[in-house]
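Enquirer: Below is one structure. I have some questions about it.
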Amino acid sequence: MQERNDITSFDAILDEKYGKVGTPEREDFRKEAARYCVGKIILDARKKERMTQSDLAKMVGADKTYISRIENGAVEPGVGMFFRIIDALGLRIDIVRPVQ
């Protein structure tokens, strides 16, 4: 097997592209990535439940456009709205201490 010297860590790639952890550029990337992940989880769960954006919006007291923006990663819902959405989709959040 031939040795490869071009393999690097994911952190090194992110450092190069977005700056070191703690820089404004890296923080912006982290927030964007979090919005994308939350939106994808909600979108996938909603589709699994065979629910429309309008259905979900009615259940949580929002409008369809807001649900769409969450699913597309354009906005991050507040904590209260996030929990209402999770509940409406039959999902559960566990809050635990990390293993040390």
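Enquirer: Go through region 36-67 and give me each residue that's in a helix (DSSP H, G or I), surrounded by fewer than 14 Cβ atoms within 10 Å (Cβ to Cβ) and among the acidic types (Asp, Glu).
Expert: Hit for region 36-67 is Asp44, nothing else.
Enquirer: Scan region 16-35 residue by residue and report those that are open to solvent by 100 Å² or more (accessible area, probe 1.4 Å) and outside any helix (DSSP H, G or I).
Expert: Lys20, Val21
Enquirer: In region 68-88, which residues are over 23 Å from Glu32 (Cα atoms) and buried (at least 16 other Cβ atoms within 10 Å of the Cβ)?
Expert: If the condition is that a residue be over 23 Å from Glu32 (Cα atoms) and buried (at least 16 other Cβ atoms within 10 Å of the Cβ), then Ala88 is the only one that fits.
The values are calculated or read from the model by the stated rules, or taken from the named source; none is laboratory data. For clarity, every value in this text was computed on a predicted model and none was experimentally measured. Cβ coordinates were reconstructed from backbone atoms using ideal geometry, including for glycine residues, and neighbour counts include every protein chain displayed. These accessible areas exclude ligands, DNA and RNA; they are computed on the full protein's heavy atoms, side chains included. Shrake-Rupley method; radii C 1.70, N 1.55, O 1.52, S 1.80 Å.
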